[in-house]
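A short worksheet on the structure shown next.
The values are calculated or read from the model by the stated rules, or taken from the named source; none is laboratory data. Predicted, not measured: the structure shown is a model, and the values here were computed from it. So basically every Cβ, Gly included, is an ideal-geometry build from the backbone, and we count neighbours across all protein chains shown.
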Amino acid sequence: MLAEPKELRIPLPKGWQGCVKSAVLHTIALAHYTILYARAWAADSINARVRLAAENDRLQEECALLREELRIKDARTAQITPQRRPHYPRHERMAILELRAARGWSLKQTADTFLLTPATIASWVKRIDEHGPDALLQLREPVNKFPDFVRYIVQRLKTLSPSMGKVKIAETLCRAGLHLGITTVGRILQEEPQSDPEDTAPSTRIVTAKRPNHVWHVDLTAVSTSMGFWAPWLPFALPQRWPFCWWVAVVIDHYSRRVMGFAVFRNNPTSVSIQSFLESAIVNARAAPKYIICDKGPQFWCDAFKAWCDGPGITPRFGAVGQHGSIALVERFILTLKNECTRIILVPLRREAFHRELRFFEVWFNQHRPHSALEGKTPHEMFHEILPACQRPRAEPRSRWPRSGPCASPHAPVAGHGGEPIRLDVRYHLGRKHLPIVELRRAA
């Protein structure tokens, strides 16, 4: 009779108890590395069902991680005794009841979600019809002499597009016909005044753009596909290549701030790849710039790139090492791209899908997003020299405001009669929630 095989035992190293916590972090990070690599293979598959399964798995993981974030935050608040917890503001109480109605929650479900008691929620429901400044639940209040709907429009726009600051909100509403001062928008949002970073910085060697397609800026950036590069092992970062990130090259026209083109690469591109990308941008623009401004990366600071520039008669200008002023414009656009697009969406692992998302952002940025350095104009309006929307006749919601009175810059005449109620109409470019298109319409 055969003897039963002995169980295989792996001896544990001495002092392993002191490394358990580090091992947990390393295990989770390694699992993230492996899952991301496998999911990238599925997302790049030619089989549509495999791609759909990979996207479904990715969305489920994102929902699970968001639930864990909320659980951790709630755990901290739960440590505070109910009597010492901060009270919800009046408009947040109304928002809680609105969410309860949208989700169909019971009193207990609502109370458990927001760390309250069912009796508190029930008391809010009973007092929902109270009026006056001391009401327990309130909607947004009017500010200064503007009607209630103006305050609602500004704060609703902030809710729909949280990345927009008070300057961008004022410029966006100005293009739609409602001229509000930046300080007025700041008071409505009840926020401290903030200054926007400048698009350009002083430089000792300045190339002034005098017309469209005169000066172009080009630069590269890495866009993470998993919202970060950190790993607990040396060198404490994931490899900067696909499937962990995409390399994106962008070209910006200095005069109009218009995006002239972009390209997506799996690895850090070579100089030949950048030259091919710039040739495509020149063909699409049907014009070659006189100057190209870039940094001293290996793709640009080489004889091959300088020789390529001699062909179409382009003069390359290079930014100073360690100083960002000379290439601040394209770096500011890359920051906008990440803050308003790639850090909001789930960056696709399939090249065609990511290229499509960048194309959507490019069209929206050029045609619908006002630019502070252009006094509220869009790059499309500046590039083609057409009348900007912010200078067209404006809406005046104040009924007693004189028609000849000055408005927020840029000054524009009043359209129709003053005091007409207007409503906010926000649609999204091709259904992307991070790409809002704002319009104002007269209320019926």
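Of everything in the range 410-441 that is among the small types (Gly, Ala, Ser) and touching a residue at least 40 places away in the same chain (Cβ under 8 Å), the residue that is farthest from His371 (Cα to Cα) is Ala415. Restricting attention to the range 417-432, the residues that are exposed (fewer than 12 other Cβ atoms within 10 Å of the Cβ) and either modelled with pLDDT under 85 or in a loop (DSSP other than H, G, I, E, B) (or both) total 1.
I need a count of the residues in the range 229-278 that are of a type in the set (D, E, K, R) and more than 20 Å from Ile293 (Cα to Cα). Give the steps one after another, and end with the answer.
Keep residues of the range 229-278 that are of a type in the set (D, E, K, R), which gives 241, 253, 257-258, 266.
Filter again for more than 20 Å from Ile293 (Cα to Cα), leaving 241, 266.
Count: 2.
In the range 215-223 there is no residue matching the filter, namely being in a loop (DSSP other than H, G, I, E, B) and modelled with pLDDT under 95. Pairs linking a residue in the range 145-162 that is farther than 12 Å from Leu173 by Cβ to a residue that is of a type in the set (Ser, Thr, Tyr) and in a helix (DSSP H, G or I), with Cβ atoms under 8 Å and 6 or more positions apart or on different chains, do not occur.
When the range 434-444 is limited to residues that are modelled with pLDDT under 90 and not in a strand (DSSP E or B), the one that is nearest to Leu178 (Cα to Cα) turns out to be Ala443. Could you list, in sequence order, all residues of the range 223-245 that are crowded, with 18+ Cβ neighbours inside 10 Å and in contact with a helix residue (DSSP H, G or I) (Cβ under 6 Å, 6 or more places away or on another chain)? Matches in the range 223-245: Val223, Ser226, Ala231, Pro243.
Mind checking which helices (runs of 4 or more DSSP H) fall wholly inside the range 20-118 and carry at least 1 residues that are within 30 Å of Leu349 (Cβ to Cβ) and outside the structural domain of Ala353 (by TED's automatic domain parsing)? Of the helices (runs of 4 or more DSSP H) lying wholly inside the range 20-118, those with at least 1 residues that are within 30 Å of Leu349 (Cβ to Cβ) and outside the structural domain of Ala353 (by TED's automatic domain parsing) span 20-43, 48-78.
For Leu139, the conditions (1) under 28 Å from Cys341 (Cβ atoms); (2) in contact with an Asp or Glu (Cβ under 9 Å, 6 or more places away or on another chain); (3) without any contact (Cβ under 8 Å) to a residue 60 or more places away in the chain all hold with the exception of (1). In this structure, Trp124 does satisfy being more than 21 Å from Arg151 (Cβ to Cβ) and either touching a Pro at 6+ places or on another chain (Cβ under 7 Å) or not in a loop (DSSP other than H, G, I, E, B) (or both).
Among the residues of the range 354-407, the one identified as in contact with a His (Cβ under 7 Å, 6 or more places away or on another chain) and modelled with pLDDT under 85 is Cys407.
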